[in-house]
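Please read the structure below before turning to the comments.
The values are calculated or read from the model by the stated rules, or taken from the named source; none is laboratory data. Every value quoted in this text rests on a predicted model; they were computed, and no experiment measured them. Cβ placement follows ideal geometry from the backbone for every residue including glycine, while neighbour counts extend to all protein chains displayed.
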Amino acid sequence: TSRNRQHDSRTSTQIKQDFEDLCRDNKYKEMLSSRQKLPAFTARDEFLNLLDKNRVVVVVGETGCGKTTQLPQFILDSLIMSNVGSTASIIVTQPRRLSAISVAARVSAERIEDGSVGYAIRGESKQGANTKLLFCTTGVVLRRLGSGDSLEHISHIVVDEVHERSVDGDFLLLELRELLKTHPTLKVVLMSATINHQTFIDYFGGAPLLTIPGFTHPVTDIYLEDLIPQIKYRPSASRYSRKESAEVLQAFRDEHKAKGLDDASISAIQTVMRSDRLDFQLIAEVVRHIITDPNNKRGGVLIFLPGVPEIRQCTDAMRTALPGGQADVFPLHANLSNDEQRRVFAKTSKWKVIAATNVAETSITIDDVIYVVDAGKVKETQYDPETSMSRLVEAYITRAAGRQRRGRAGRTQPGFCYKLYTRKQEANMGNFPVPEILRVPLESISLTVKVMREEEDVKLFLMRAIDPPKVAAMEAAWAVLEELGAVDLDGKLTPLGRHISALPVDLRLAKMLVLGTIFQCLDPVLTIAAALSSKSLFVSPVDKRDEASQARARFATAGSDLLTDLNAYDTCIKMRADGKSQSAIRAFCEENFISANTIRDITTLRNDFIGSLTDLGFIPLHSTPSTPALNTNSTNTNLIKAVVLGGLWPRVARVHLPKSAIKFDRVSAGTVQRSNIAKEFKMFDLREGRVFLHPQSILFEVAQWRSPFVVYFQKHMTSKVFLRDATEVPLYALLLFGGPVAINHVGGGLIVGTKDSWIRLRAWPRIGVLVNQLRRLLDIQL
Ligand code: ADP
Ligand code: MG
């Protein structure tokens, strides 16, 4: 989009004149006078001076001091006033879409919408001929670099929130360090909260540091052990984890008894301490306590929660707990629409309660917050080498994050931070976050590097990152790319690899989507890929496990957990299409243990996928999931299974059915019962020995096995290795889709095969060769 946009036709002199006019505007002056109160303003000259003399400058400052909104404007104004405004083109990267949009909106307002400010996020951009300051996500810049754009017209790149250490952020710094060598005029500014900034200084060969003095007011900490006696809260939940040992609890008990804490409070604190889950009643109670205390000054209450579902649960809990009419409750997270987001900043005469994710930690500032409630948890991706899968897990925050959260309370006046954890728990929190690149699988980043730098050795390149990943992790990633057919055995990028790297989803699911498009079974494959990227569609409450699994069994189909979920999703969607009321659908979901939230998430993701596939040119513009031409084969179950296998290969296991399993007779009087025999299934992974089917798999309901092979999405190690999300696959699916599949646009052919032998489907029907291939590969008798 940036390349098609029109260029500013004004000369530097005209730009300067326009800016001088703006400076005379009363609204601008008013804005400016409030901007000038920010600490960033005191550092303005020093900043410009450093930037003048250096190509890279590192800036640190407390959140809210004006780094994001002011520094890019300082650069722009100074270029304009030096009469080189026409060369100004400043990119400011943001780690999240939400902050890119909201910060752009703020800066644009500070410049009285003069058109100099724009934003670009994936799939959406707002910029015009006069745009000189572009706020965009890190991903957008990486994609520009990846598509061969050398950013020669960019004068400055400001990288914000570098302390977050996301894979993308680290990767961008790696790229920028290279780009500085080939782009002679480029200047780079790194902005960071006051965490570990020395790392960045060293990485850029001793770049100068600018520290913006902070202004913070004192914040009073109220820990869990102070809080519970104050509010006399008695948690009812008793879901314990084993995080705190008996000795720790006893020591806590003794210590607090000595301090005069009553037994009931101590046991309440311990319940909260040991619970695996957030206690939303407690959070609501804390907020109620804050807003009903007549001594408390009215102001914003900012609650930090780990994720969107928790925000939803928390606002639900508050709705019943808070006295009516006294407080406005707002959610704040990265998936909100612009309007929903803006509401958070609006002035209100009531108490303003904001339930937020960590987006409110550093990137978004809400001015009137006096009270912070910190639940102490965050969701982060963790890489499980066992399954070679990444998943989101809830973890304690680091102390660095805790300090950030706390700091949000003392921005404009003295504040309070209510911590839902004990002092002891805080002492055990990690110090700084582990850089993401050290804890996630690397296939996706490796493929991106390969796409961007086809001639380069990916491993050697990644070794130059701030924290180089482990060699074993990079090798494992490369093996996955080979198996996927994203790279060939000579280490070259394949066309398939190029395509799937552009899809914003797990690479295996990306491949599945591409295959689903080519084989014209788009609708079901969209749902399957979306379901595998979402939380479980069926809920299984601990106390109703049997009922839940019976409910799921009613949707069982085709010997596949995935097609079963598809069936349930389609049933719900059809109810909506048939004009059933919202409440009827909700009742149906509840009755059948289907999560309405997951239904919604899947629908959203399906649309995202459609958008990406359209961008890639795989499907025509204005396609919908149900466009007939894309769904010729959408009722062909075997083909869908084959496409699933094509994506998930080589996650295949061979089932060893017990002899007695032949006597399946479990269907009686319309209800399906679990067969004891079926529970004895033994699976043998094609690669790693013995594995077991997850007890909740629908495959226990399969009466007639037509092939001894199952493909699965996840492998979990608990007492044994369990496979989740399994699908029985027909032999032909293995035959055709097992092994790397390369889509060769030039030849228009499809290639299937294993690592050491490739066969062109073009040569079909040389079935004999394929059969031999399969025999050798799987060691089976056909
Ligand atoms: P930093 O990047 O250093 O954390 P920012 O530049 O984001 O700080 O914010 C500086 C100040 O600008 C904030 O303290 C706040 O007062 C103000 N501000 C930022 N965004 C908005 C907004 N959307 N509406 C009103 N004020 C805002
Ligand atoms: Mg900022």
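Selection of first residues in the range 66-83 that are in contact (Cβ under 8 Å) with a residue 40 or more places away in the chain and of second residues that are among the basic types (Lys, Arg) and away from ligand 1 (no atom under 16 Å from the Cβ), restricted to Cβ pairs under 9 Å at least 6 apart or on distinct chains, gives the following pairs, ordered by first then second residue: 75/187; 76/132; 79/132; 80/16; 80/132; 81/16; 83/16.
Can you give me the number of residues within the range 74-87 that are buried (at least 22 other Cβ atoms within 10 Å of the Cβ) and either within 16 Å of ligand 2 (Cβ to nearest atom) or on the phi > 0 side of the Ramachandran plot (or both)? Break it down stepwise before answering.
Taking the range 74-87 first, the residues buried (at least 22 other Cβ atoms within 10 Å of the Cβ) are 75-76, 79-80, 85.
Pick out the ones that are also either within 16 Å of ligand 2 (Cβ to nearest atom) or on the phi > 0 side of the Ramachandran plot (or both) and you get 75.
Residues that pass the stated criteria total 1.
For residue 108, the test of being in contact (Cβ under 8 Å) with a residue 12 or more places away in the chain, assigned to a helix (DSSP H, G or I) and within 14 Å of ligand 1 (Cβ to nearest atom) is failed.
Would a scan of the range 268-288 turn up a residue that is loosely packed, with under 15 Cβ neighbours inside 10 Å, more than 33 Å from the chain's Cα centre (by Cα) and at pLDDT 85 or above? Give the derivation first.
As a first pass, look at the range 268-288 and keep what is loosely packed, with under 15 Cβ neighbours inside 10 Å: 276-277.
If we keep only those that are more than 33 Å from the chain's Cα centre (by Cα) too, we end up with none.
The answer is no, given that none of the residues of the range 268-288 is loosely packed, with under 15 Cβ neighbours inside 10 Å, more than 33 Å from the chain's Cα centre (by Cα) and at pLDDT 85 or above.
Taking the range 72-105 as the range and being in contact with a Pro (Cβ under 7 Å, 6 or more places away or on another chain) and more than 13 Å from ligand 1 (Cβ to nearest atom) as the test, only 90 passes.
Can you tell me which residue is nearest to residue 73 (Cα to Cα) among those in the range 88-99 that are hydrophobic (A, V, I, L, M, F, W, C) and either more than 14 Å from ligand 2 (Cβ to nearest atom) or out of contact with any helix residue (DSSP H, G or I) (no Cβ under 8 Å at 6 or more places or on another chain) (or both)? Spell out how you get there, then give the answer.
The first filter runs over the range 88-99 and keeps only residues hydrophobic (A, V, I, L, M, F, W, C), leaving 88, 90-92, 98.
With the extra rule that they be either more than 14 Å from ligand 2 (Cβ to nearest atom) or out of contact with any helix residue (DSSP H, G or I) (no Cβ under 8 Å at 6 or more places or on another chain) (or both), the set shrinks to 88, 90-91.
On the way: 88: 11, 90: 9, 91: 11 Å.
By that ranking, first place goes to 90.
Among the residues that make up the range 37-51, is at least one of them touching a Lys or Arg at 6+ places or on another chain (Cβ under 8 Å) and more than 25 Å from residue 113 (Cβ to Cβ)? For the range 37-51, residues touching a Lys or Arg at 6+ places or on another chain (Cβ under 8 Å) and more than 25 Å from residue 113 (Cβ to Cβ): present.
So that you can scan it fast, the table gives a plain yes or no per residue for (1) closer than 15 Å to residue 713 by Cβ; (2) under 24 Å from the mean Cα position of the chain (by Cα); (3) surrounded by fewer than 18 Cβ atoms within 10 Å (Cβ to Cβ):
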{"position": "510", "(1), (2), (3)": "yes, yes, no"}
{"position": "563", "(1), (2), (3)": "yes, no, no"}
{"position": "578", "(1), (2), (3)": "no, no, yes"}
{"position": "591", "(1), (2), (3)": "no, no, yes"}
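If only residues of the range 1-59 that are farther than 22 Å from residue 157 by Cα and in a loop (DSSP other than H, G, I, E, B) are counted, the one that is modelled with the lowest pLDDT is 9.
Do we have residue 41 as within 27 Å of residue 209 (Cα to Cα) and in contact with a Leu (Cβ under 8 Å, 6 or more places away or on another chain) here? First the steps, then the outcome.
Values: within 27 Å of residue 209 (Cα to Cα): yes; in contact with a Leu (Cβ under 8 Å, 6 or more places away or on another chain): no.
No.
Of the residues making up the range 320-364, those that are more than 14 Å from ligand 1 (Cβ to nearest atom) and more than 20 Å from residue 408 (Cα to Cα) are 320, 321, 322, 323, 324, 325, 326, 335, 337, 349. With respect to (1) away from ligand 1 (no atom under 16 Å from the Cβ); (2) in contact (Cβ under 8 Å) with a residue 60 or more places away in the chain; (3) surrounded by fewer than 21 Cβ atoms within 10 Å (Cβ to Cβ), the lone exception for residue 120 is condition (3). Taking each residue of the range 160-189 that is over 19 Å from residue 94 (Cβ atoms) and at pLDDT 95 or above and looking for partners that are outside any loop (DSSP other than H, G, I, E, B) and within 16 Å of ligand 1 (Cβ to nearest atom) with beta-carbon atoms closer than 6 Å, six or more apart or interchain, yields nothing. Of the strands (runs of 3 or more DSSP E) entirely within the range 292-373, those holding at least 1 residues that are within 16 Å of ligand 2 (Cβ to nearest atom) and farther than 13 Å from residue 405 by Cα occupy 327-332.
A quick yes/no check of all residues on (1) within 15 Å of ligand 2 (Cβ to nearest atom); (2) outside any helix (DSSP H, G or I); (3) of a type in the set (A, V, I, L, M); (4) within 27 Å of residue 98 (Cβ to Cβ):
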residue: 142; (1), (2), (3), (4): no, no, yes, yes
residue: 151; (1), (2), (3), (4): no, yes, yes, yes
residue: 171; (1), (2), (3), (4): no, no, no, yes
residue: 201; (1), (2), (3), (4): no, no, yes, no
residue: 205; (1), (2), (3), (4): no, yes, no, no
residue: 220; (1), (2), (3), (4): no, yes, no, no
residue: 228; (1), (2), (3), (4): no, no, yes, no
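What number goes with the only condition from (1) of a type outside the set (Phe, Trp, Tyr); (2) surrounded by 21 or more Cβ atoms within 10 Å (Cβ to Cβ); (3) away from ligand 2 (no atom under 15 Å from the Cβ) that residue 21 does not pass? Every listed condition holds for residue 21 apart from (2). Taking the conditions (1) closer than 30 Å to residue 447 by Cα; (2) more than 16 Å from ligand 2 (Cβ to nearest atom) in turn, residue 137 satisfies each one other than (2).
Only helices (runs of 4 or more DSSP H) wholly contained in the range 538-617 count here; list those with 1 or more residues that are under 25 Å from residue 641 (Cβ atoms) and of a type in the set (Gly, Ala, Ser).
545-553, 561-577, 596-615
Of all residue pairs spaced 6 or more apart or on separate chains, those with beta-carbon atoms under 6 Å, a first member in the range 15-43 that is more than 27 Å from residue 61 (Cα to Cα) and a second member that is of a type in the set (Val, Ile, Thr) and more than 16 Å from ligand 2 (Cβ to nearest atom) are 15/80; 16/80; 19/80; 25/112; 27/112.
Determine which member of the set 214, 260 is loosely packed, with under 13 Cβ neighbours inside 10 Å, out of contact with any Ser or Thr (no Cβ under 6 Å at 6 or more places or on another chain), assigned to a loop (DSSP other than H, G, I, E, B) and not hydrophobic (A, V, I, L, M, F, W, C). Break it down into steps so the answer makes sense when it comes.
Working: 214 fails: loosely packed, with under 13 Cβ neighbours inside 10 Å.
None of the other options fit; the residue is 260.
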